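J.: Sharing a structure with you now.
The values are calculated or read from the model by the stated rules, or taken from the named source; none is laboratory data. Bear in mind the structure is a predicted one, so any value in this text is a computation, not a measurement. Backbone-built Cβ (ideal geometry, glycine too); neighbour counts: all protein chains shown. We work out accessible area using only protein heavy atoms, side chains counted, and drop any ligands, DNA or RNA first. Shrake-Rupley method; radii C 1.70, N 1.55, O 1.52, S 1.80 Å.
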Amino acid sequence: MSADIYQIDAVIIGAGAVGLACAAELARRGNEVIVLEAADCIGSGTSSRNSEVIHAGLYYPTGSLKHTMCVRGRRMLYDYLAKRGVAHKKCGKLIVATGAAEEKQIAALHQRALENDVENVSLLTRAEATALEPNLFCVSALNSAETGIIDSHGYMLALQGEIEAHGGAVVLNAPLVRGHALTNGGFELDTGGDAPSTIRCRIVINSAGLGAQNVAGLIEGIPAETIPPLILAKGSYFACASRPAFTRLIYPAPVDGGLGVHLTLDLAGRMRFGPDVEWLNQHDPANVDYSVDIRRADGFYDVIRRYWPAMPANVLTPDYAGCRPKLSGPGQAAADFRIDAAEIHRLPGLINLFGIESPGLTSSLALAEAAGSQVAADLA
């Protein structure tokens, strides 16, 4: 333990999009907040290794946290980005069927979108879809007009600015070493890194993403059985050297473990493809290899040409990779987000966020709102 003990209202562990959103939410509620980040910059994990897509909310089981957090989070996010001047674009998305079996999936997605109260979603015929995107091949498509793209780093900088404007701070190179619940309430946390310190606080939100299970295991008093296994699924992305052929995002029907190899656009209109799904036979996120194997492009061409037949040869180059912090494995039903509060682990003031994969970026403001409300209720 360090000689100095710092007292503060709330500590958020993890400076990704969700952690920063949680800190901003608690700061708005009048709490003095510190964000602890083990890395040397914000958003270096899952938050910067994704498609930067603002999802509409049509994929997820009705009533699940992924559904409710995504739909509310998306509405909140567009408003936040506009008010803060963060670059984004509501470009829309087509989810395409290239055969009869996929048409059934598209129809089911349309029905789920209606049940999930997702706005501006419509089924398109082949003619209607190709009128929008002439380079597209499909037999039908689902048009999601509320889908968009975001400058995720700009968004996280806006959240950091809001935290600091409320008197909070983001501390980098500050990994959690250990923690425990105090007998009279609250928590004591020891940090390592450049300036080891001890912090006492009333509230802890564990938003460490891929490291959330590890962080939970470092806090004495959290029952081990409440910490779910971490299942890792790597996804690789490829840049496309071809001139942009589409103005909207193009997604195939979903696949096991993800949404399929889809075409996304950056804010300059450049195309990229991914992610695929590579289940990893390991459970330590620190050992994930984020390099992109050029050989995986072979499978990309086959999938992409189903909806873009005129795709030129040899236009894909390795771009980047990400890793999904999953709670379910191959062949299993996709697990929901987990917002574990005192009802689960019996430690009032602590929130563990587990399994925050896609649509975590879209859901970040809603997840923060939910976590803030839950911790306030637990401490009431």
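J.: Quote the FRET efficiency, to the nearest 0.05, computed for S44 versus Q111 with a Förster distance R0 of 30 Å and r equal to the Cβ-Cβ distance.
T.: FRET efficiency, S44 to Q111: 0.20.
J.: Run the 1.4 Å probe and let me know the accessible area of L132, rounded to the nearest 10 Å².
T.: About 60 Å², rounded to the nearest 10.
J.: Based on the Cβ-Cβ distance from T130 to R295, what FRET efficiency comes out when R0 is 45 Å, to the nearest 0.05?
T.: It comes out at approximately 0.90.
J.: Bin all alpha-carbon pair distances of the chain at 20 Å intervals from 0 and give each bin's fraction as a whole percent.
T.: In whole percents, the pair-distance histogram is 29, 56, 15, 0.
J.: Give me the Kirkwood hydrodynamic radius of region 193-323, using the inverse of the mean 1/r over all pairs of distinct Cα atoms, in Å to one decimal. Show your work: numbers first, answer last.
T.: Details: mean 1/r = 0.0571 Å⁻¹.
The Cα-based Kirkwood calculation yields 17.5 Å.
J.: Moving to a separate point now. Kindly sort L263, L124 by accessible area of their heavy atoms, largest first, with the probe set to 1.4 Å.
T.: Output order, biggest surface exposure first: L124, L263.
J.: Per residue, how large is the accessible surface of the chain? Use a 1.4 angstrom probe and give square angstrom.
T.: 41
J.: Considering only protein heavy atoms and a probe of 1.4 Å, how much of the accessible area of the chain is carbon and sulfur, as a whole percent?
T.: The computed percentage sits at 51.
J.: Something else: Evaluate the distance, in nm, between pseudo-label points positioned 7 Å from the Cα of I5 and of L172 along their respective Cα→Cβ axes.
T.: Placing both labels 7 Å along Cα→Cβ, they lie 3.1 nm apart.
J.: Using Cα pairs closer than 8 Å and at least 6 residues apart in sequence, work out the relative contact order for region 288-380, in percent.
T.: 22
J.: Counting only Cα, what are the radius of gyration and maximum Cα-Cα distance Dmax of region 184-253, in Å?
T.: Considering region 184-253 through its Cα atoms, Rg and Dmax are 20.6, 63 Å.
J.: Protein chains only, probe 1.4 Å: how do W279, W308 rank by accessible area, largest first?
T.: W279, W308
J.: Rolling a 1.4 angstrom probe over the protein chains, ignoring ligands and nucleic acids, what is the accessible area of K89 in square angstrom, nearest 10?
T.: Surface accessible to solvent at K89 totals approximately 110 Å².
J.: For R305, what accessible area in Å² do you get when you roll a 1.4 Å probe over the heavy atoms of the protein chains, rounding to the nearest 10?
T.: The accessible area comes out at roughly 90 Å².
J.: Just reorder L157, L210, L218 by solvent-accessible area, largest first, 1.4 Å probe, all chains present.
T.: L157, L218, L210
J.: Spin-label point model (7 Å from Cα, Cβ direction): what's the R29 to R338 distance in nm?
T.: Distance between label points: 2.1 nm.
J.: Roughly what would the spin-label model give for S242 and Q282, points 7 Å off Cα along C-beta, in nm?
T.: Using points 7 Å along Cα→Cβ, the separation is 3.4 nm.
J.: With N set to the residue count of region 75-161, report its C-alpha Rg divided by 2.2 N^0.38 Å to two decimal places.
T.: 1.32
J.: Follow-up question, since we're still on this one. Given the Cα-Cα distance of L182 and E119 and 0.36 nm per residue of separation, how much length would full extension add, in nm?
T.: 18.0 nm
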